[in-house]
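A.B. asks: Just dropping this structure here.
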Amino acid sequence: MKTNYTKLSENDLAGVIAKAEKELQARKQKKRKGVISEIKSLAASIGVEVEITQGGGNRKSRLKGQKVPPKYQNPADTAQQWSGRGMKPKWLTEQLGKGAKIEQFKI
C-alpha cells in the first residue's frame with residue numbers, strides 16, 4: 001500500500017508520523033533485547049557472566065555548569081579573562097590576529 005502523503009491533512013500526517021515513530025521504537029527495543037540475549041548466551045558459552053546496563057548515551061557531563069578558573073587574561077584590562085573553554089573572546093582573537101602568542105596571556 002502506497003500512501004500519497006501530500007494529500008493528507010496535517011493532523012493525519014502527524015498521526016502517521018507518531019505511529020511510525022512508535023513502531024520504530026518497538027522494533028529497536030525488540031532488536032536490542034535479541035542482541036542482549038545473544039551476548040549473554042555467547043558469554044555463558046565460555047563461562048563468563050556479563051551485566052549489561054542500558055542507556056549511557058544520555059549521560060550529562062559532571063562538569064557542566066561548574067565554574068572553571070580563568071587561564072588567560074587581557075593585560076590591558078585584567079577584568080577580561082577566559083577559561084580556555086568555548087569560543088575565544090574577541091579581545092584574544094584580535095591580539096592573536098596581530099601576531100601575539102596565546103602563551104603571553106596565561107595567568
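The values are calculated or read from the model by the stated rules, or taken from the named source; none is laboratory data. All values reported here derive from a predicted model rather than from experimental measurement. Using ideal geometry, Cβ is built from the backbone for each residue, glycine included, and neighbour counts are taken over all protein chains shown.
A.B. asks: Name the residue that is nearest to Asn4 (Cα to Cα), counting only residues in the range 21-33 that are modelled with pLDDT of 95 or more and not charged (D, E, K, R).
C.D. replies: Restricting to residues being modelled with pLDDT of 95 or more and not charged (D, E, K, R), the top hit is Leu24.
A.B. asks: Quick test of your reading of the structure: Gly84 fulfils all but one of (1) more than 30 Å from Gln95 (Cα to Cα); (2) under 24 Å from the mean Cα position of the chain (by Cα); (3) not polar (S, T, N, Q). Name the failing condition by number.
C.D. replies: (1)
A.B. asks: Residues of the range 28-51 being part of a helix (DSSP H, G or I) and not hydrophobic (A, V, I, L, M, F, W, C), which ones?
C.D. replies: Let us first name the residues in the range 28-51 that are part of a helix (DSSP H, G or I), namely 28-45.
Hits for the range 28-51 are Lys28, Gln29, Lys30, Lys31, Arg32, Lys33, Gly34, Ser37, Glu38, Lys40, Ser41, Ser45.
A.B. asks: In the range 82-107, what residues are small (Gly, Ala, Ser) and within 16 Å of Val68 (Cβ to Cβ)?
C.D. replies: Ser83, Gly84, Gly86
A.B. asks: Still on this model: Among Gln54, Gln80, Gln25, which is the only one that is assigned to a helix (DSSP H, G or I), without any contact (Cβ under 8 Å) to a residue 24 or more places away in the chain and not small (Gly, Ala, Ser)?
C.D. replies: After applying the criteria, what remains is Gln25.
A.B. asks: Let me spell it out: the conditions are (1) surrounded by 10 or more Cβ atoms within 10 Å (Cβ to Cβ); (2) small (Gly, Ala, Ser); (3) at pLDDT below 95, and Gly97 meets all of them except one. Which number is the exception?
C.D. replies: The single condition Gly97 does not satisfy is (1).
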